[in-house]
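Written below as structure tokens is the structure these notes are about.
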């Protein structure tokens, strides 16, 4: 099974496959795999950055370098050029939309549904106040 995926990946970036087909495959295979259960993710800024970098790398492989007539050399596409040519929401935007879709789904559920109960549960706890680190340092210096 894994070898089948590796062969598919190697053939994915060959020149004899059209860009349109590559973009469709990326949308159906890579995006669906990356956004599976994305409504439950908690992403840090680093995670968002890494996902955006990965997505742009894939787009750059699909869209190929472009020839710059002014400088008479090949160059890779800039981020703005990539997003302008693709005209599709990024993975982060897709994740946010999936989360909103899930929230709307839970809102339409019955009041006694388990997901709705979990969403509105009140744990009855409060967050502990953070300790003043300077006061703790002064206490330890005195001892």
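Here, each number is a calculation from the coordinates, and none is a lab measurement. Just so it is clear, the model here is predicted, and its values are computed rather than measured. Cβ atoms come from the backbone with ideal geometry, glycine included; neighbour counts cover every protein chain shown.
Brief remarks follow.
- Taking the average, over residues, of other Cβ atoms within 10 Å as the packing measure, peptides 65-75, 49-59 rank 49-59, 65-75 from highest down.
- Potential lengthening between residue 78 and residue 25 on full extension [0.36 nm per residue; Cα-Cα distance subtracted]: 16.9 nm
- With each label modelled as a point 7 angstrom along the Cα→C-beta vector, the residue 88-residue 41 pair spans 1.5 nm.
- Gain upon complete extension [residue 97, residue 134; 0.36 nm per residue less C-alpha separation]: 9.1 nm
- Applying 1/(1 + (r/R0)^6) with R0 = 30 Å to the Cβ-Cβ distance of residue 15 and residue 105 gives a FRET efficiency near 0.10.
- Euclidean distance of C-alpha centroids, segment 36-73 and segment 90-116, integer Å: 26
- Compared with the direct C-alpha span, the chain from residue 121 to residue 67 gains 13.7 nm at full extension, assuming 0.36 nm per residue.
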